[in-house]
There are 2 protein chains.
Amino acid sequence: MVEVTRRGLMFVLSSPSGAGKTTIARRLLESDDNLTLSISATTRSKRASEVDGRDYVFIAKDKFDRMVERGEFLEHAEVFGNFYGTPQDPVEEALAGGKDVLFDIDWQGAKQLREARPSDVVSVFILPPSRKELEDRLRRRAEDPDDVVNARMAKASGEIGHWSEYSHIVVNRDVDAAIDETRAILNAARLERTRQTGLPGLVDELLKE
Amino acid sequence: MVEVTRRGLMFVLSSPSGAGKTTIARRLLESDDNLTLSISATTRSKRASEVDGRDYVFIAKDKFDRMVERGEFLEHAEVFGNFYGTPQDPVEEALAGGKDVLFDIDWQGAKQLREARPSDVVSVFILPPSRKELEDRLRRRAEDPDDVVNARMAKASGEIGHWSEYSHIVVNRDVDAAIDETRAILNAARLERTRQTGLPGLVDELLKE
């Protein structure tokens, strides 16, 4: 019995900092062999906890500019003076190989991906369950020495304002439930008729005299 | 912490006879408290294995005609001289109560539901994995004494021809996997932004100063 072939899809996860997106993304990737992470390129400095090529591809501003000029990014944006972009080649390779690609990006990147590839993108916004919970999580995870919770809350609010641009919304009350929900969205998207490019062949076989 | 309220959805399952739809529908209903089955009304005779009000609501042709005249069906159709219809009232009650409603109906009914309620319907077509498997299943489950496999195959082929009208396709190679896939489609549909009517309220609370 042959698997029905299908197009890979672009699975976008966005959320305000502190809503649990990174944990959900990591656990999805660990449990799903057909899902691969898109690594963004950035001009910002590497933090102590980060690994080049795992968390980001860290590049200089002049290289970033050249990639923009050559159209080598699927999306790119400036955030607080730093530049971020999604290199197109690794994504196209994965999709052509039938892999789905996970994008852990903000609303600006999600918007550009949706505009560039409307039929390939499924986008999920993860919301915290309450204002209090969001504040508590932001306090617990402060990493940079000059972090202040108010500034982080302002940034989170700016991101949350774009919730209605996403096709699906997961409210993260419980991380295991949120992972199950996000996985259901991914698996259902794989079963959309238009993504299963092998179906006409199967139907031909079913209907042959 | 309050659940985000949402609109119930209309979850349509169709397949040719012998593709496993009935098993999938039953197992979904058993495992999902928020899903309720729409019971069709029909003018055909009750079979020995059927229970009135569980499998169908069996009604006389004149009553069926009156219900059609009064617009009391969400969809109705004639199949081989018998009439089938979905009474609207129980469906509306379930949806208003936040329940999702499962419809085990053929392509004609699915088409009418989609036309009547485009934003409420999610439709899944279940395909057998191969012609040989379909024939084997039809042979094994022959119930009526005058059943002939060729006639059943012709009917199945007629139904399969409508596969491309459905939003999602599940190929039933393994019934447990097919149930998981169908459940993922249902759960993902529940997480679509536009169905979660309580989200604007949650976002207001998250963004309040």
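The values are calculated or read from the model by the stated rules, or taken from the named source; none is laboratory data. In this text, all values refer to a predicted model and were calculated from it rather than measured experimentally. Cβ: placed from backbone, ideal geometry, glycine included. Neighbour counts: every protein chain shown.
Structural remarks
- Breaking point among (1) modelled with pLDDT of 95 or more; (2) loosely packed, with under 15 Cβ neighbours inside 10 Å, for residue A:28: (2)
- Residue within the range B:128-138 that is crowded, with 22+ Cβ neighbours inside 10 Å and touching a Lys or Arg at 6+ places or on another chain (Cβ under 6 Å) present: yes
- Condition broken by residue A:94, with the remaining ones in (1) at pLDDT below 95; (2) under 22 Å from residue A:20 (Cβ atoms); (3) surrounded by 12 or more Cβ atoms within 10 Å (Cβ to Cβ); (4) of a type outside the set (S, T, N, Q) satisfied: (2)
- Yes/no for residue B:54 being in a loop (DSSP other than H, G, I, E, B), within 14 Å of another protein chain (Cβ to nearest Cβ) and within 18 Å of residue B:90 (Cβ to Cβ): no
- Top-ranked residue of the range A:1-21 - restricted to ones that are more than 10 Å from the chain's Cα centre (by Cα) and hydroxyl-bearing (Ser, Thr, Tyr), ranked as modelled with the lowest pLDDT: A:17
- Test: residue in the range A:139-154 that is within 11 Å of chain B (Cβ to nearest Cβ) and charged (D, E, K, R): no
- Residue in the range B:144-152 that is crowded, with 16+ Cβ neighbours inside 10 Å, modelled with pLDDT of 90 or more, touching a helix residue (DSSP H, G or I) at 6+ places or on another chain (Cβ under 7 Å) and over 21 Å from residue B:187 (Cβ atoms) present: no
- Residue list for the range B:156-209, restricted to those being within 9 Å of another protein chain (Cβ to nearest Cβ), part of a loop (DSSP other than H, G, I, E, B) and within 15 Å of residue B:12 (Cβ to Cβ): B:166, B:167
- Note on the range A:176-195: residues that are polar (S, T, N, Q) and surrounded by fewer than 21 Cβ atoms within 10 Å (Cβ to Cβ) total 2.
- Of the residues in the range B:64-81, at least one is touching a residue at least 40 places away in the same chain (Cβ under 8 Å) and not in a helix (DSSP H, G or I).
- Cβ-Cβ distances below 7 Å connect the following pairs, each with a first residue in the range B:10-37 that is farther than 25 Å from residue A:202 by Cβ, a second residue that is outside any strand (DSSP E or B) and basic (Lys, Arg), and a separation of six or more residues or different chains: B:10/B:117; B:34/B:99; B:36/B:99.
- For the range B:91-127, a residue qualifies if it is within 14 Å of chain A (Cβ to nearest Cβ) and assigned to a loop (DSSP other than H, G, I, E, B), and exactly one does: B:119.
- Scanning the range B:51-64 for residues that are surrounded by 13 or more Cβ atoms within 10 Å (Cβ to Cβ) and not hydrophobic (A, V, I, L, M, F, W, C), we see that the one that is farthest from residue B:112 (Cα to Cα) is B:55.
- Matching residues in the range B:110-128 - criterion: being out of contact with any helix residue (DSSP H, G or I) (no Cβ under 8 Å at 6 or more places or on another chain) and free of Cβ contacts under 8 Å to residues at least 60 places away in the same chain: B:112, B:115, B:116, B:118
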